[in-house]
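Undergrad: Below is a structure I'd like to ask you about.
A short reminder: the numbers here are calculations on the coordinates, not readings from a lab. Here the structure is a predicted model, which is why all the values come from computation and not from measurement. Note that we place each Cβ from the backbone using ideal geometry, even for glycine, and neighbour counts take in every protein chain shown.
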Amino acid sequence: MWRLLQQIRRVGLASEPVPAPDPSMLQHELHEEIRRAFGRALAIRQVDAGSCNGCELEIHALSNPYYNLEGSGIRFVASPRHADALLVTGPVSKHMAEALRRTYNATPEPKLVIAVGDCGACGGVFGESYASLGGVANVIPVDVIVPGCPPTPTALLQGILAAIRKPRASV
């Protein structure tokens, strides 16, 4: 043990310096916009309308310590009745269309809808077929589309920020 401590003293710190915060991360700006628009945390209900789960993996990454979604004033809720926004992934399968409409109708006004990924935007590689209605906008009104297959967590944060800003600009 003594030799190890002497070696540490001789060599010094051998690790890399802590990286600077990513300037593209909009967490402080996002937090301020949420507080200004809602006066409390933004509640999001995530709906998988038939995706491959690639977008869900990126959405789950938002909860890790690096992105710290909760610290930005955003939380996920289990019921659309408690939600301010819907985060919808995947092409809408014909079997999920009615469930998505009911979820949209159960969300109180004013509500935001964010279509996530290429599939949420236009149906992606699945398009419109015997089993798929295509993009989310074919079933419910969409405020913001976050492109990508899957979109990065940073793109998701930017999409949420764009959705928060959109209704305020039209008022």
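Undergrad: List every DSSP H helix in the chain whose Cα atoms extend 24 Å or more along the helix's own long axis and whose mean Kyte-Doolittle hydropathy is at least -1.0. Don't skip to the answer; put the middle values down first.
TA: Details: long enough: 153-170 (26 Å, 0.34).
Helices passing the filter in the chain: 153-170.
Undergrad: What percentage of all Cα-Cα pairs in region 68-134 are separated by more than 20 Å? Numbers along the way, then the final one.
TA: Values: 788 of 2211 pairs.
The share of Cα pairs beyond 20 Å in region 68-134 comes to 36 percent.
Undergrad: Could you size up the charge dipole of the chain around its Cα centre, putting +1 on the beta carbon of Lys and Arg and -1 on that of Asp and Glu, and report it in debye to the nearest 20? Could the numbers behind the result be given before it?
TA: On the way: 16 positive and 15 negative charges, 103 e Å.
Roughly 500 debye, rounded to the nearest 20.
Undergrad: What FRET efficiency comes out for the pair Ala131/Arg36, r = Cβ-Cβ distance, R0 = 41 Å, nearest 0.05?
TA: My answer for the efficiency is 0.45.
Undergrad: Sorted by average packing, counted as other Cβ atoms within 10 angstrom per residue and highest first, what order do 34-46, 90-102, 117-129 take? Present the calculation step by step, with values, prior to reporting the outcome.
TA: Values: 34-46: 16.4, 90-102: 18.2, 117-129: 20.0.
Going from most to least packed, we get 117-129, 90-102, 34-46.
Undergrad: A follow-up question, please. Testing the spin-label approximation: label points 7 Å from Cα along Cα→Cβ at Cys149 and Arg81. State their distance in nm.
TA: Label at Cys149, label at Arg81, 3.9 nm between them.
Undergrad: Now, a different point. Using only Cα atoms, figure out Rg for region 26-158 and give it as a multiple of 2.2 N^0.38 Å.
TA: Relative to the 2.2 N^0.38 Å estimate, region 26-158 comes out at 1.00.
Undergrad: Multiply the residue gap between Leu4 and Glu70 by 0.36 nm, knock off their C-alpha separation, and tell me the result in nm, one decimal place. Spell out each step's value before the answer.
TA: On the way: separation 66, 0.36 × 66 = 23.76 nm, distance 4.05 nm.
Extra length from Leu4 to Glu70 when fully extended: 19.7 nm.
Undergrad: For Ala99 and Ala61, FRET efficiency with R0 = 25 Å and r from the beta-carbon atoms, rounded to 0.05?
TA: Numbers: r = 25 Å, r/R0 = 1.01.
Calculated transfer efficiency: 0.50.
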